[in-house]
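Down below is the structure, laid out as structure tokens.
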Amino acid sequence: MASLNLLPHPPPSSFSSSSFHRLRCNTLLLAPKPSQRRPSFLVKSAVGVAEPAAYSSGYAGDTSDSISSLKLNLLSAVSGLNRGLAASEDDLRKADGAAKELEAAGGLVDLSVGLDKLQGRWKLIYSSAFSSRTLGGSRPGPPIGRLLPITLGQVFQRIDILSKDFDNIVELQLGAPWPLPPLEVTATLAHKFELIGSSKVKIVFEKTTVKTTGNLQQVPQLEVPRIPDALRPSSNTGSGEFEVTYLDSDTRITRGDRGELRVFVIS
């Protein structure tokens, strides 16, 4: 038995069981796990999602450019028509077509959330109703250049969304016998307005005032007596409705209850 103790022992292994266990654990920790590979795919997916957003932003710019181009087309179609007084049937069709293109591009108008855009003084640059060559358009009104020597000047709409005031302001030049100069006046047709739909407006007439301008501007303002309702023609009820079909910070398109197309720019 003693001789057995004298036999040379094999050299100890360089890897004990505890060392092997630690190496195995380290190897497992260093090895990529399936769950650790996923972030690379998630990043790629996020990049892929971001691309449409960039495209959408570019498209919004194109839409803005398109709106600007359509507005220029409309302004070009109505220029030189003297607010519609000189419009022919072909001119009326071209103006209506240009307005419809801008209306379609602008989308539906919702005044319940954008009423503040109506605020201000708007200048009328075109009215299809003036092609009848009367100040009343499709409604009764004094003729221009026929029975009466009336020259139409600028026409404005002044809208106050707080007081609900809606004033049509018309500059007129009335002919006078020679050698008297023409009489320049500004007529203000005062109304109150209310919304009767998301884009529809009703106006109710209140009064008409006339103020001389030019050399006679010192003359006091005159209020024109209102025609009694009993004597008022059925076609002239003193109220009207129109729909705002396009509206932004400087351009407004409306269509009246008798099909009148009107184009305004902010003054």
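Search segment 100-127 for residues being farther than 18 Å from L75 by Cα and among the acidic types (D, E), and hand back the single one that is most open to solvent (accessible area, probe 1.4 Å).
D116
Within segment 74-99, take every residue that is surrounded by 14 or more Cβ atoms within 10 Å (Cβ to Cβ) and of a type in the set (G, A, S) and give me the one that is farthest from R252 (Cα to Cα).
The extreme case among them is A87.
Could you check how many residues of segment 255-267 are β-branched (V, I, T) and open to solvent by less than 40 Å² (accessible area, probe 1.4 Å)?
Result for segment 255-267: 2.
Determine whether G97 is over 11 Å from V263 (Cβ atoms), assigned to a loop (DSSP other than H, G, I, E, B), free of Cβ contacts under 8 Å to residues at least 40 places away in the same chain and not hydrophobic (A, V, I, L, M, F, W, C).
no
Here is a list: G197, G175. Which entry is more than 28 Å from the chain's Cα centre (by Cα) and either polar (S, T, N, Q) or open to solvent by less than 50 Å² (accessible area, probe 1.4 Å) (or both)? Break it down into steps so the answer makes sense when it comes.
Details: G197 fails: more than 28 Å from the chain's Cα centre (by Cα).
When all the criteria are applied, what remains is G175.
Please determine, by comparing only the residues of segment 200-231 that are hydrophobic (A, V, I, L, M, F, W, C) and under 39 Å from the mean Cα position of the chain (by Cα), which one is farthest from E243 (Cα to Cα). Steps first, please.
Keep residues of segment 200-231 that are hydrophobic (A, V, I, L, M, F, W, C), which gives 201, 203-205, 210, 216, 219, 222, 224, 227, 230-231.
From the residues that got through so far, the ones that are under 39 Å from the mean Cα position of the chain (by Cα) too are 201, 203-205, 210, 222, 224, 227.
Details: V201: 6, I203: 11, V204: 15, F205: 17, V210: 28, L222: 32, V224: 28, I227: 27 Å.
The qualifying residue farthest from E243 (Cα to Cα) is L222.
Quick check, is L152 open to solvent by less than 70 Å² (accessible area, probe 1.4 Å), part of a strand (DSSP E or B) and either on the phi > 0 side of the Ramachandran plot or free of Cβ contacts under 8 Å to residues at least 24 places away in the same chain (or both)?
Answer is no for this residue.
Can you pull out every residue in segment 202-223 that is touching a residue at least 24 places away in the same chain (Cβ under 8 Å) and either open to solvent by 100 Å² or more (accessible area, probe 1.4 Å) or hydrophobic (A, V, I, L, M, F, W, C) (or both)? Before you say what the answer is, go through the steps one by one.
Going residue by residue through segment 202-223, those that are touching a residue at least 24 places away in the same chain (Cβ under 8 Å) are 202-205, 210-216.
I203, V204, F205, V210, N215, L216, listed by residue number.
Output the residues belonging to segment 90-138 that are at pLDDT below 95 and among the charged types (D, E, K, R).
Scanning segment 90-138 gives a single hit, R133.
Go through segment 239-254 and give me each residue that's open to solvent by less than 60 Å² (accessible area, probe 1.4 Å) and under 18 Å from H191 (Cα atoms).
Residues satisfying the conditions are S239, G240, F242, V244, T254.
The values are calculated or read from the model by the stated rules, or taken from the named source; none is laboratory data. All figures in this text were calculated on a predicted structure; none of them were measured in a lab. Ideal geometry is used to build each Cβ from the backbone, glycine not excepted, and the neighbour counts take in all protein chains shown. Side chains are part of the model used for accessible areas, which takes the heavy atoms of the whole protein and leaves out ligands, DNA and RNA. Shrake-Rupley method; radii C 1.70, N 1.55, O 1.52, S 1.80 Å.
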